[in-house]
Amino acid sequence: MSVSNPPTPSAEDQEVSFAETALKLGGKSEDEARRTGAIDKADDQVESLFAPQYQTVNSPAHRAIWQRQVPIEEFLSTPPKPSAEVEQIMKASLDVVRRHIQAGTIENEEGRVREEVLAELGEAGYWGLLVDKEYGGSGAKFSSVADFIAQMAMLDGTIAGLASIHGCIGAVDPVKTFGNEDQKSKYLPLLASGKRLSAFALTEPGAGSDLTALKTTATLDGDHYVVTGEKLFISNILPGRTIGLVCLIDSKPSVLIVDLPEEENEQFQLKKYNIYALRHLYNRGIIFNGLRVPKENLLEPIKGDGLTIAYHGLNLGRVSLCANASGTMRLMLKGMIPWSEYRVTYSEPIGNRELVQRRMGEMAGLIVACDALTAWCADLLDRGYRGEMECIIAKIFGSEALKTASIELFMKTHGGRSFLEGHPFGDNVHDYLAPCIYEGEGEMLGMAFFKSLVKDHGKRYFEPVGKALAAAGIKRPNPLNPKHALILAGVAGPYVRWRSGRQLLGGSLPTLPDMPKPLRAHAEYACRELPKMALEIDSAMQKFQLKLADRQCRMAELSGRCQDLITILTTAMYAARNQDEVIRAAGDLACQKLRQKLTGKRPSNRYFKNITALGRSIAAGDADAETSLGLGSIDPHAILQKYES
Ligand SMILES: Cc1cc2nc3c(=O)[nH]c(=O)nc-3n(C[C@H](O)[C@H](O)[C@H](O)COP(=O)(O)OP(=O)(O)OC[C@H]3O[C@@H](n4cnc5c(N)ncnc54)[C@H](O)[C@@H]3O)c2cc1C
């Protein structure tokens, strides 16, 4: 999608959203209702940038729940096929990083990725992957780039993360998608070559989860905007970087492309603090004290505002995060192999023990599920879908998988050595946990997923009822009260028909493609359960009505169930389209684990037998398992504190 027209004021800008009205009716303060309404309106405006078939209500996740039949064809992603040119760039970029790792020259004296490495990556074409060819990039599809990010993460998670910071949430996506021709011609070639590396500055000391609390302002003064305010936790920030700055212009969230001065000065200072996560790049606060930015650097979306721009890039960033998690978990698994062979307790290598084998099998399952979500989401984005709900699933699953893998599987297997300096766990634990927070904390995003899920249903069936009752001044409807019953009878017909139709007819199974039996069983399970969620969600809406927004625990629980079901379906379909037996087995086991969580059923002996068998083949260095999972060559020397002195 490319959007480059000047803004047109829309009638929607003036309207009060239903979320705002509903919150007020539900007893929320004017302020909270207005703030939530603003976010809701921004969301509507993002929607309107997409053709109807690609909007949230028509997205696979939404349809899977609200339609009677899951649209199974939308869950079949195709493997990415990068062009020869793009493949060459990817190979050259991996070579740059590999060479510097071998030479021990990746990091500078502060432990951050050296600027020379970033420059060499620029020469290889790394920073221009997502920039269109006409502006000096290689125009790679996002699905190819997402897949590649997982490969890069196996070499260096920070450099993989920088691809996303620059290309997805940084300046590339905002300029490419929302810039006018002048802005694109000026910035995209610089961004593609890496002469300007970029970052995304949204978070402030007072505004993280609550984006309505933004305070940084830009005020027009002649030909420039004058920026004042403070940003916090901004990744990849050094003087001379280019940032997508979210700030308020006339109280409206807006995005300015800002070239940070080459040195700190009165108008621009960096706030340095010690932060454990992302220690290999520069994460800084930024203080603006009247920095002047040319007025032509304002991005002006056709509809919506700065949050529209931010949300667009964040979707790509969330999928990249999942890809990065998958690469990082491969690296963990790779490290577990020589260790589990080396470490002998009670006369046996620990790799011969079930508990360790189970952990390795589980890690393989998490890797395949992350790959499945990455491939599915990236493919949907390439096809033009908004993909917000799907990308949230990928972000939450990817970050939770990384958290579980690092602590439950990786750390426990390495025991005390995990905490030695030089051990990947001890050195990187904060990087393994921080994805749960950045680009939106998981549970907050889970609620956002839920709100996207219920919005259309609420507007279609509950809004008319709410409005009619509000017009009659009724706060608590009582169907036994004749006056209330009369009003309800006038407006509740469509809802009653929907609910009774759903209860009577239930869902129906789609025709699945040819696939292995265990994976088919998972796909069928998800296809049966997903439409049932519609009734569960509807019941919650009915029960809590205007108070639903306060029932965060229930929203999070329902949201989580929907996400898990969609992950099962996506993983089963991905594993089935893969001919590889190891991927299929790992996908099957990941689905079984998710089903155990959903049903509360204890794992069967068969499950333990299969997951330990998979883990055993990985622990034994079985070439098939290593190749299938793309682990690459195993380094036999990565053992700390060997027994021999
Ligand atoms: C390593 C790292 C890198 C980052 N990089 C960037 C970057 O490049 N650019 C950028 O703009 N930002 C960046 N961030 C910021 C990140 O996106 C924010 O930290 C994140 O969005 C959460 O905001 P916060 O920290 O202010 O949390 P807060 O807003 O303080 O929220 C804390 C927690 O309170 C709870 N909470 C808050 N509100 C509610 C509510 N209404 N209901 C229920 N619970 C609630 C949630 O659990 C939430 O996570 C980075 C952060 C980290 C840690």
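The values are calculated or read from the model by the stated rules, or taken from the named source; none is laboratory data. These numbers come from a predicted model, not from an experiment. Positions of Cβ are backbone-derived with ideal geometry, glycine not excepted, and every protein chain shown enters the neighbour counts. What goes into the accessible areas is simple: the full protein's heavy atoms, side chains included, and nothing from ligands, DNA or RNA. Shrake-Rupley method; radii C 1.70, N 1.55, O 1.52, S 1.80 Å.
Data overview
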| read-out | value |
| --- | --- |
| Ellipsoid semi-axes in whole angstrom, largest first, where each is sqrt(5λ) of the Cα gyration tensor of region 130-190 | 23, 11, 9 |
| Within the accessible area of the chain (1.4 Å probe), percent carbon and sulfur | 52 percent |
| Cα gyration tensor category, rounded, prolate or oblate, for region 160-282 with a/c compared to 1.5 | rounded |
| Inter-part distance where region 317-370 and region 392-433 are each reduced to a Cα centre, Å | 10 Å |
| Segment PHE419-GLN102, extension gain: residue separation times 0.36 nm, minus the distance between their alpha carbons | 111.7 nm |
| Mean Cα-pair separation over length for the chain, i.e. relative contact order, pairs under 8 Å, 6 or more apart, % | 17 percent |
| For the chain, convex hull volume per residue from C-alpha positions, Å³ | 161 Å³ |
| Label-to-label distance, nm, for residues given as LYS133 and ARG497 (7 Å Cα→Cβ offset) | 5.2 nm |
| Low-density loop cleavage sites - GluC sites (Glu not before Pro) in region 381-471, where at most 13 other Cβ are within 10 Å (DSSP) | GLU421 |
| Local electrostatic count at SER559 - Lys and Arg +1, Asp and Glu -1, tallied over other residues with Cβ under 12 Å | 0 |
| Net charge of neighbours whose Cβ lies under 11 Å from the Cβ of ALA434, counting Lys and Arg as +1 and Asp and Glu as -1 | -1 |
| In region 218-313, chymotrypsin sites (Phe, Trp or Tyr not before Pro) in a DSSP loop with at most 13 other beta-carbon atoms within 10 Å | TYR273, TYR276 |
| Within region 274-302, backbone nitrogen closer than 19 Å to the virtual label 7 Å beyond the Cα of GLU181 toward Cβ | 296-302 |
| Cβ-derived FRET efficiency at R0 25 Å, ILE634 paired with ARG114, nearest 0.05 | 0.35 |
| Counted charge near GLY139, where neighbours are those whose Cβ lies closer than 15 Å (Asp, Glu -1; Lys, Arg +1) | -1 |
| Cut-off 13 Å, label 7 Å out along Cα→Cβ of GLU230, residues of region 254-290 by amide N | 269-273, 285-289 |
| Cα pair distances in region 97-223, grouped into 10 Å bins until the bin that holds the longest one, percent each | 12, 36, 31, 18, 3, 0 |
| Distance histogram for region 325-444 (every C-alpha pair counted, 5 angstrom bins, percent rounded to whole numbers) | 2, 11, 20, 20, 17, 12, 8, 5, 3, 1, 0, 0 |
| Ordering of 497-505, 514-522 by burial proxy (mean other Cβ atoms within 10 Å per residue, highest first) | 514-522, 497-505 |
| Cα gyration tensor, region 257-302 - rounded (a/c under 1.5), prolate or oblate | oblate |
| Overall dimensions of region 160-205 as given by Cα atoms, namely Rg and Dmax in Å | 10.7, 34 |
| Taking N as its residue count, the alpha carbon Rg of region 310-352 over 2.2 N^0.38 Å | 1.91 |
| Length gained when the stretch LEU486-CYS553 is fully extended (0.36 nm per residue, less Cα-Cα span) | 20.7 nm |
| Kyte-Doolittle mean at least -0.5, axial Cα span of 30 Å or more - DSSP H helices of the chain | 306-342, 354-382, 517-544, 552-577 |
| When region 17-82 is reduced to its Cα atoms, the Kirkwood hydrodynamic radius in Å | 14.4 Å |
| Rg to Rh, two decimals, where region 234-356 supplies the alpha carbon set and Rh follows Kirkwood | 1.22 |
| Reachable aspartates and glutamates from LYS303, criterion Cα separation under 17 angstrom, eight or more residues apart if same chain | GLU12, ASP13, GLU15, ASP40, ASP43, ASP44, GLU47, ASP173, ASP250 |
| More than 17 angstrom apart: percent of Cα pairs within region 95-152 | 47 percent |
| Candidate lysines - alpha carbon under 20 Å from LYS395, same-chain residues fewer than 8 apart omitted | LYS141, LYS403, LYS451, LYS593, LYS597 |
| Rounded if a/c under 1.5, otherwise prolate or oblate - region 395-539, Cα gyration tensor axes | oblate |
| Protein-only accessible surface order, largest first, of LYS271, LYS133, LYS184 at 1.4 Å | LYS133, LYS271, LYS184 |
| Kirkwood-Stokes translational diffusion coefficient of region 56-156, alpha-carbon pairs, 20 °C, 1.002 mPa s, µm²/s | 135 µm²/s |
| Of LYS24/LYS532; LYS176/LYS459; LYS186/LYS295; LYS41/LYS532; LYS28/LYS475, pairs whose Cα-Cα distance is over 22 Å | LYS24/LYS532; LYS176/LYS459; LYS41/LYS532 |
| Under 22 Å from LYS271, Cα to Cα: lysines that are on another chain or at least 8 residues apart | LYS215, LYS231 |
| Alpha carbon convex hull of region 443-483, volume per residue in cubic angstrom | 95 Å³ |
| Helix-derived mean residue ellipticity, 222 nm - over the chain, DSSP H n ≥ 4, -39500 (n - 2.57), to 500 | -17500 deg cm²/dmol |
| Residue-normalised accessible area of the chain, given per residue in Å² at a 1.4 Å probe | 44 Å² |
